[in-house]
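Chemist: One structure coming up, written as structure tokens, with questions to follow.
The values are calculated or read from the model by the stated rules, or taken from the named source; none is laboratory data. Values in this document were obtained by computation on a predicted structure and should not be read as measured data. Using ideal geometry, Cβ is built from the backbone for each residue, glycine included, and neighbour counts are taken over all protein chains shown.
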Amino acid sequence: MMYEFKASDLAEEIGVRRNTIRDWIRTGTIPAKEGPGKRYMMDVAEYIKLCDKFGRVPKVDVNMAIEVEEIKSLAEMENGNHAIDLNNRKTDSLYTDPSWADACLTCGTCASACPIAGVDDLDPRKIVRMAMFGLEDELVDSTWPWKCTMCAKCENACPMNIEIVALMRKLRSKRERDKVPGPIHKGVATCLERGNNLGIPKDDFLFLLEDLAEEMQEEGCPGFTVPVDKKGARLLVTINSKEPFAEPDDMKFWWKIFHTAKEDWTVASENWEGVNWGLFSGDDKSQKIIVGRIVDNIEKLGCEALLLPE
Ligand code: SF4
Ligand code: SF4
């Protein structure tokens, strides 16, 4: 069971400043996490301990905390050797393992926190239950994992720490690649083959940069050039390929800031794509390759910082 609170309310309760509560959460002194809205959540037992430390009476029913601990121990006892370790899960664990059915309380807190619950019947509680009961094919064939925005509000609100976002990504990864909705898998394949999601040839890209640089000079940035493959530049700037493809002027907004701020930056002539669709399509292998290319560019050019446009 989780205790949901605003930083200001908890500050008032235990008699400290609001920023102190935020600092404690940030540094882990209070084991709380962000919840829905501008609220935080922490285990009721931790909240009670905190109140006890400051000599305050907790505002929740203490029996609630005891009840949660009993549910957790019961689940562990019933699973015997397969006891669920709520604090030490492997991210690659199979979410369709029936033993997980004991972890979900079917409380629906996840559905209450989800900003798109109800859209085409999407309901994180239902998805978790279906996964736990082995209805993997039905989930993989459904549109829900693709409608999910991966915002993690459900997971942050879940009192049993069920890894709903990892479940969604796993479901996405299990979809046959040619059945991935929209252009994102095609974009991944194109990026692997040609270095950017839309397959823009290197010469066209470099020509466009020169052309835009001339426009920048006419727009009040005398002597401006785009620093391509500049060794030792501080900042490596990656680019969303939709900009050179369809909205090239958007790149100039960034460049005007760099020019004014006298930033030391560069763009790589190859593998400059900054949008990794492997992340969205659940394709970890391709995602890693695309990230690796950016890391290679950072190392090759000796940059200190990276700018991703998304
Ligand atoms: S996944 Fe978590 S929040 Fe959702 S119903 Fe199960 S226990 Fe409750
Ligand atoms: S991660 Fe998906 S299921 Fe969870 S709250 Fe966000 S949109 Fe809803």
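Chemist: Quick one: in the range 112-140, which of the residues that are away from ligand 1 (no atom under 15 Å from the Cβ) and in a helix (DSSP H, G or I) is nearest to Arg169 (Cα to Cα)?
Modeler: Out of the qualifying residues, it is Val140.
Chemist: Identify all residues within the range 113-124 that are loosely packed, with under 14 Cβ neighbours inside 10 Å and farther than 13 Å from Thr149 by Cβ; write none if there are none. Outline the logic, then answer.
Modeler: So in the range 113-124, the residues loosely packed, with under 14 Cβ neighbours inside 10 Å come out as 115, 118-121.
Within the range 113-124, Gly118, Asp120, Asp121 qualify.
Chemist: Looking at the range 180-200, is at least one residue under 23 Å from Pro31 (Cα atoms), touching a residue at least 60 places away in the same chain (Cβ under 8 Å) and more than 9 Å from ligand 2 (Cβ to nearest atom)? I'd like the intermediate steps shown before the answer.
Modeler: From the range 180-200, those under 23 Å from Pro31 (Cα atoms) are none; that's our starting set.
Among the residues of the range 180-200, not one is under 23 Å from Pro31 (Cα atoms), touching a residue at least 60 places away in the same chain (Cβ under 8 Å) and more than 9 Å from ligand 2 (Cβ to nearest atom), which makes the answer no.
Chemist: Related question: Tell me the residue from Asp249, Asp204, Asp211 that is of a type outside the set (Phe, Trp, Tyr), more than 15 Å from Ile294 (Cα to Cα) and at pLDDT below 95, please.
Modeler: After applying the criteria, what remains is Asp249.
Chemist: Looking only at the range 141-151, how many residues end up being outside any helix (DSSP H, G or I), within 12 Å of ligand 2 (Cβ to nearest atom) and buried (at least 18 other Cβ atoms within 10 Å of the Cβ)? Outline the logic, then answer.
Modeler: In the first step, residues of the range 141-151 are kept if they are outside any helix (DSSP H, G or I); the result is 142-143, 148-151.
Checking which are within 12 Å of ligand 2 (Cβ to nearest atom) leaves us with 148-151.
With the extra rule that they be buried (at least 18 other Cβ atoms within 10 Å of the Cβ), the set shrinks to 148.
Summing the residues that are outside any helix (DSSP H, G or I), within 12 Å of ligand 2 (Cβ to nearest atom) and buried (at least 18 other Cβ atoms within 10 Å of the Cβ) in the range 141-151 gives 1.
Chemist: Continuing with the same structure: Which helices (runs of 4 or more DSSP H) does the range 193-310 wholly contain that include 2 or more residues that are in the same structural domain as Trp144 (by TED's automatic domain parsing)?
Modeler: It comes to none.
Chemist: For Ala268, only one of the following conditions fails: (1) closer than 15 Å to Leu308 by Cα; (2) over 31 Å from the mean Cα position of the chain (by Cα); (3) of a type in the set (Gly, Ala, Ser). What is its number?
Modeler: The failed condition is (2).
Chemist: Please enumerate the residues belonging to the range 157-168 that are within 11 Å of ligand 2 (Cβ to nearest atom) and surrounded by fewer than 21 Cβ atoms within 10 Å (Cβ to Cβ).
Modeler: Applying the first criterion (within 11 Å of ligand 2 (Cβ to nearest atom)) to the range 157-168 yields 157-158, 162-168.
Matches in the range 157-168: Glu163, Val165, Ala166.
Chemist: Do any residues in the range 146-162 that are of a type in the set (Phe, Trp, Tyr) have Cβ atoms under 6 Å from those of residues that are within 6 Å of ligand 2 (Cβ to nearest atom), where the two are at least six apart or on different chains, and which pairs are they?
Modeler: none
Chemist: Got a number for residues in the range 11-35 being crowded, with 17+ Cβ neighbours inside 10 Å, touching a residue at least 40 places away in the same chain (Cβ under 8 Å) and either of a type in the set (Ser, Thr, Tyr) or closer than 28 Å to Thr106 by Cα (or both)?
Modeler: 1
Chemist: With the checklist (1) in contact (Cβ under 8 Å) with a residue 24 or more places away in the chain; (2) among the β-branched types (Val, Ile, Thr); (3) under 16 Å from Thr266 (Cα atoms) in hand, flag the one item Thr225 doesn't pass.
Modeler: That leaves (1) as the condition not met.
Chemist: Shifting gears a bit: Determine, yes or no, whether Cys110 is at pLDDT 85 or above and either out of contact with any Cys (no Cβ under 6 Å at 6 or more places or on another chain) or surrounded by fewer than 18 Cβ atoms within 10 Å (Cβ to Cβ) (or both). Explain how you work it out, then say what you get.
Modeler: Values: at pLDDT 85 or above: yes; either out of contact with any Cys (no Cβ under 6 Å at 6 or more places or on another chain) or surrounded by fewer than 18 Cβ atoms within 10 Å (Cβ to Cβ) (or both): no.
Here the answer is no, as Cys110 does not meet what is asked.
Chemist: OK, next. Inspect the range 156-167 for any residue being closer than 30 Å to Lys285 by Cβ, in a helix (DSSP H, G or I), polar (S, T, N, Q) and within 14 Å of ligand 1 (Cβ to nearest atom) and give the result as yes or no. Lay out the reasoning, then the answer.
Modeler: Narrowing the range 156-167 to residues closer than 30 Å to Lys285 by Cβ: 156, 158, 161-167.
With in a helix (DSSP H, G or I) added as a condition, the list becomes 156, 164-167.
This time we only want the ones that are polar (S, T, N, Q), so: 156.
Narrowing the set further to residues that are within 14 Å of ligand 1 (Cβ to nearest atom) leaves 156.
Yes, because at least one residue in the range 156-167 is closer than 30 Å to Lys285 by Cβ, in a helix (DSSP H, G or I), polar (S, T, N, Q) and within 14 Å of ligand 1 (Cβ to nearest atom).
Chemist: Just to be sure I understand, how many residues within the range 107-137 are β-branched (Val, Ile, Thr) and more than 10 Å from ligand 2 (Cβ to nearest atom)?
Modeler: So in the range 107-137, the residues β-branched (Val, Ile, Thr) come out as 109, 116, 119, 127-128.
Now restrict to residues that are more than 10 Å from ligand 2 (Cβ to nearest atom): 109.
Final tally of qualifying residues: 1.
Chemist: Can you go through Val267, Val295, Val275 and tell me which one is out of contact with any strand residue (DSSP E or B) (no Cβ under 6 Å at 6 or more places or on another chain), β-branched (Val, Ile, Thr) and free of Cβ contacts under 8 Å to residues at least 60 places away in the same chain? Full working, then the answer.
Modeler: Numbers: Val267 fails: out of contact with any strand residue (DSSP E or B) (no Cβ under 6 Å at 6 or more places or on another chain); Val275 fails: free of Cβ contacts under 8 Å to residues at least 60 places away in the same chain.
Matching residue, one of Val267, Val295, Val275: Val295.
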